[in-house]
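Notes to accompany the following structure.
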Amino acid sequence: MKILFPWQCCGYALATWTLVTAAQATPAWNAPPDQQTRGQFWREHWYERGAPGTPPGYDRRFRVNAPETSLHPEFGRRPEARENGLMLIRAEEDLFQLTAAEFYAEVWGGHPGTANKRITINGRSTYFLPRVGTEEGHCTYFYPGVSFGLTDLVNGFNAIQFAVDRGSTFWGHLLVDNAALRVALADQHPDLVKLGLDGFTARVKAEPLPAAAGFVLSVECPAAAAGQIASVDFQGWYHGYDENGDGRRLDWHGFTKHRRPVATLGVVTSPPFRQVWDTTLLPAQTQVAVRAAVRFATATNLVYLTTATAGLEIAARPGTRVFLLSTQDAPVPFWSRANQRRTCTLDLDLDPARIEAAELHVVTWTGGAGTVRDYFTLNGVFYPVAEGDRHEVIYSRLPVNPQTLRRGLNRIELRSDTDHHGIEIFLPGPALMIRYQTPQN
């Protein structure tokens, strides 16, 4: 059995994982722009809970438990404890016509302290999932993309066995909301030939707007194939808020929720497939790139990932600057229930009168606020960042009135009085993107 081992690197509990006994598969969905030099067709096979031929679920959500749960005096007889962490994903594929395979998932990181999150595929290879802060006691939600060897797969039902350890928490536990096997199709794949897409190519054109205000994005592709396109999801590589919780501010931004894109540059569903990317609330920077995930009406699980259009720049704006202000004193875990008040601060070394615009960024888990109305406040001002009690991830970008900010410490408070789960603030925690006026020389 091959095992993927972790090694620690910088950032909040970020780790990169390397496979000891096999080379990294290429192509890779989340490779940096300089490694995405050609377009690639991928096919997604999503896990369907309760589908024919799959194990029964004892709970409505896919849950993974540490071994101690089975005999735990409090949790051992709960329905969640019956879940065995086995996921079967049906992928009817000619393995000889594939060039790469990946596992992708939407994962609530688990009770803070849950450790060693890992998967074994078809009993052949074990891969650790990226560490994004759960082991260190933080609340997390993340979207692992794990490259498999093609010999790990079978043509048919692929068995993904999840496992976790209790670590330092009271109950080693996590949730998988959605998961998929993504496979890269070889050039001239018979299915592409059958659909008339074997010669399909597309790229993103990025035309700068005046005054460094952003870009007009469009997809260039053969006119004959444009009629088959159902949607275009524009994606950006830039330095910004880490909304997908992978520990990197510079990467491909965005994620999926219920399998649909969130926090990307925009999804367009009709010709001419154009999108304006407003960069007025992003720092000036180089190393910017864009790409598009093109989906087709004739094959809904087929995705064409364009080559990266790199070498773009968000130029400095005369008289203004933009920066991201993050909290440095967030509680661990940042989680409120049973009327527990949790606080952190944002230290602003700037006269608020110079601020032109500000935007709050925060990712939360909606376990419920109970009877608390103003459950999340910044300097006493309420922001609706975790509405409802559906136990789901919410990414919020909300405008902030600069007049409510202070030079020095700006206080964030979180409070829920539910007896059950309450509200979680996920890493990287709340932050402000601020555009301000600079002194004129």
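The values are calculated or read from the model by the stated rules, or taken from the named source; none is laboratory data. As the structure is a prediction and not an experimental result, all values here were calculated from the model. Cβ: placed from backbone, ideal geometry, glycine included. Neighbour counts: every protein chain shown.
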Taking segment 270-285 on its own, how many of its residues are more than 13 Å from Ser231 (Cβ to Cβ) and in a loop (DSSP other than H, G, I, E, B)? 7
Give me the pairs, please: first residue somewhere in segment 126-152 and on the phi > 0 side of the Ramachandran plot, second residue anywhere and assigned to a loop (DSSP other than H, G, I, E, B) and modelled with pLDDT of 95 or more, beta-carbon distance under 7 Å, and either six or more positions apart or on two chains. Gly133/Thr140; Gly133/Leu427; Gly137/Pro112; Gly137/Gly113; Gly137/Ser168; Gly137/Val332; Gly137/Pro333
Look through segment 127-163, keep the residues that are assigned to a loop (DSSP other than H, G, I, E, B) and β-branched (Val, Ile, Thr), and return whichever of them is farthest from the chain's Cα centre (by Cα). Val154
When restricted to Ala358, Ala369, the only residue under 21 Å from Pro399 (Cβ atoms) and at pLDDT 95 or above is Ala358
Just one listed residue, out of Val267, Val288, Val303, Val294, is within 25 Å of Arg435 (Cβ to Cβ) and either in contact (Cβ under 8 Å) with a residue 12 or more places away in the chain or part of a strand (DSSP E or B) (or both), and it is Val288
Pair list, Cβ < 6 Å and 6+ apart or interchain, from segment 182-202 residues that are within 20 Å of Ala292 (Cβ to Cβ) to residues that are among the β-branched types (Val, Ile, Thr): Ala184/Thr99; Leu195/Thr298; Ala202/Val219; Ala202/Val294; Ala202/Thr306
Can you tell me which residue within segment 97-123, out of those that are hydroxyl-bearing (Ser, Thr, Tyr) and within 24 Å of Thr169 (Cβ to Cβ), is surrounded by the fewest Cβ atoms within 10 Å (Cβ to Cβ)? Thr120
Might you let me know whether segment 344-362 holds any residue that is surrounded by 20 or more Cβ atoms within 10 Å (Cβ to Cβ), closer than 22 Å to Val332 by Cα and of a type in the set (S, T, N, Q)? no
Selected residue (only one of Gly39, Gly50, Gly110 is at pLDDT 85 or above and closer than 20 Å to Arg166 by Cα): Gly110
May I ask you to verify whether Phe334 is at pLDDT 95 or above, closer than 26 Å to His111 by Cα and of a type in the set (A, V, I, L, M, F, W, C)? yes
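Table: residues versus (1) of a type in the set (Gly, Ala, Ser); (2) surrounded by fewer than 18 Cβ atoms within 10 Å (Cβ to Cβ); (3) on the phi > 0 side of the Ramachandran plot.
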{"site": "Phe157", "(1), (2), (3)": "no, yes, no"}
{"site": "Leu174", "(1), (2), (3)": "no, no, no"}
{"site": "Val193", "(1), (2), (3)": "no, yes, no"}
{"site": "Gly214", "(1), (2), (3)": "yes, no, yes"}
{"site": "Val219", "(1), (2), (3)": "no, no, no"}
{"site": "Gly227", "(1), (2), (3)": "yes, yes, no"}
{"site": "Asn244", "(1), (2), (3)": "no, no, no"}
{"site": "Gly247", "(1), (2), (3)": "yes, no, yes"}
Note: among Ala353, Ala297, just one is small (Gly, Ala, Ser) and assigned by TED's automatic domain parsing to the domain that holds Leu217, namely Ala297
